[in-house]
Amino acid sequence: MHNLRIAVILGNNRNGSTGPAVARWFLGLAHRRKDMEIDVLDVSELFTDDLYGHGHGAPLAAFGPRVAAADGFVVLTPEYNHGYPGPLKSAIDSARREWFAKAVGFVSYGGMSGGLRAIEQLRLVFSELHTTTVRDTVSLHNASRMFGPDGLPARDLSGEQGAVELLLDQVAWWSLALREARRERPYPF
């Protein structure tokens with residue numbers, strides 16, 4: 001069996017220290033997996049000033065082909081104003097059929113809610129894109145307190161690490177099942 005290609009979509013911006021710390025921590029755990037090839041898609045690197053002149057949902061040259069090549073996804077997002085960042089929405093909407101019949105998992109972070117409201121909204125969006133979202137998520141509550149000024153964990157994150165392992169196990173299971181199904185019979189759309 002060939003390794004699964006899992007795209008980790010970083011929906012955070014580079015402002016502040018929490019987003020990069022969470023991304024570095026999660027990617028460190030994801031890269032340990034022997035059954036996955038991790039492709040990191042940083043939304044903040046996809047956009048140029050002229051993108052917004054092309055309108056909402058305009059294709060991003062670098063994004064669509066990498067979504068198409070992936071067997072599954074993990075979306076890592078902060079919560080802003082009870083939702084997820086606008087650039088993440090624009091990136092998601094820039095592809096369509098590339099998402100179909102693939103698995104999506106979520107890692108969120110924020111204040112007291114841990115980003116759960118962002119995930120609730122993303123589940124609706126990904127349902128429209130014919131994906132299978134895995135039930136379990138990783139939600140980092142009060143994430144700014146979890147990492148020190150150096151970006152390293154400021155406390156024991158073994159419980160959160162266990163949640164990451166379960167999430168990646170579920171993303172792997174669904175990604176493999178859906179990859180085999182797509183090979184056996186094309187997804188109807």
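The values are calculated or read from the model by the stated rules, or taken from the named source; none is laboratory data. In this text, all values refer to a predicted model and were calculated from it rather than measured experimentally. Backbone-built Cβ (ideal geometry, glycine too); neighbour counts: all protein chains shown.
Summary of values
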{"item": "Single condition Glu120 does not satisfy, out of (1) free of Cβ contacts under 8 Å to residues at least 24 places away in the same chain; (2) surrounded by 21 or more Cβ atoms within 10 Å (Cβ to Cβ)", "result": "(2)"}
{"item": "Residue check, Leu167 touching a residue at least 60 places away in the same chain (Cβ under 8 Å), closer than 21 Å to Ile38 by Cα and aliphatic (A, V, I, L, M)", "result": "yes"}
{"item": "Subset of the stretch 1-18 [surrounded by fewer than 22 Cβ atoms within 10 Å (Cβ to Cβ), modelled with pLDDT under 95 and of a type outside the set (Ser, Thr, Tyr)]", "result": "Met1, His2, Asn3, Asn13, Arg14, Asn15, Gly16"}
{"item": "Positions within the stretch 130-157 being within 21 Å of Val74 (Cα to Cα) and among the charged types (D, E, K, R), in sequence order", "result": "Arg135, Asp136"}
{"item": "Segments classed as helices (runs of 4 or more DSSP H), wholly inside the stretch 35-152, with at least 3 members that are modelled with pLDDT of 95 or more and either over 16 Å from Ala7 (Cα atoms) or over 12 Å from the mean Cα position of the chain (by Cα) (or both)", "result": "64-69, 116-128"}
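For (1) out of contact with any Pro (no Cβ under 8 Å at 6 or more places or on another chain); (2) hydrophobic (A, V, I, L, M, F, W, C); (3) farther than 16 Å from Phe26 by Cβ, each residue gets a yes or a no:
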position: Arg145; (1), (2), (3): yes, no, yes
position: Pro153; (1), (2), (3): yes, no, no
position: Gln161; (1), (2), (3): yes, no, no
position: Trp174; (1), (2), (3): yes, yes, yes
position: Arg183; (1), (2), (3): yes, no, yes
